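Nothing in this text is a laboratory measurement; each read-out follows from the coordinates by a stated rule. Nothing here was measured: the structure is a model prediction, and the numbers come from that model. Counting neighbours? That spans all protein chains shown, and the Cβs are built from the backbone with ideal geometry, glycine included.
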Amino acid sequence: VRARLLCSYRDAGTEYVAEADAADPACHKRMATGAVGLFRGARWSDDEICGLLHRSPHQGEGDAARLLLVVEPAE
């Protein structure tokens, strides 16, 4: 995708980290619940590489279901 907008409305927010720091858990950050993040994708129109990774946080047994809004542009 070119870009992805993410917003967690319930439970933990999306985790993100610079690709260069992905192996260091101390560098991982988490968006606050209700915060909006706009992430560039591989099909972004610029040749520059973003270098930012994002993922859903680990859900343990018994954790509340996560409600996540994802918006991507139509191709």
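Brief remarks follow.
- Number of residues in region 1-51 that are touching a helix residue (DSSP H, G or I) at 6+ places or on another chain (Cβ under 6 Å), in contact (Cβ under 8 Å) with a residue 24 or more places away in the chain and among the hydrophobic types (A, V, I, L, M, F, W, C): the value is 1.
- Index of the failed condition, PRO73 passing every other in (1) assigned to a loop (DSSP other than H, G, I, E, B); (2) touching a residue at least 60 places away in the same chain (Cβ under 8 Å); (3) surrounded by 12 or more Cβ atoms within 10 Å (Cβ to Cβ): (3)
- Residues of region 31-52 satisfying the condition of being surrounded by 14 or more Cβ atoms within 10 Å (Cβ to Cβ), closer than 18 Å to TYR9 by Cβ and not aliphatic (A, V, I, L, M): THR33, GLY37, PHE39
The rows are residues; the columns are (1) out of contact with any Gly (no Cβ under 9 Å at 6 or more places or on another chain); (2) surrounded by fewer than 11 Cβ atoms within 10 Å (Cβ to Cβ).
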residue: ASP11; (1), (2): yes, no
residue: ALA26; (1), (2): yes, yes
residue: HIS54; (1), (2): no, no
residue: GLU61; (1), (2): yes, yes
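- Test: residue in region 34-42 that is out of contact with any strand residue (DSSP E or B) (no Cβ under 9 Å at 6 or more places or on another chain) and of a type in the set (A, V, I, L, M, F, W, C): yes
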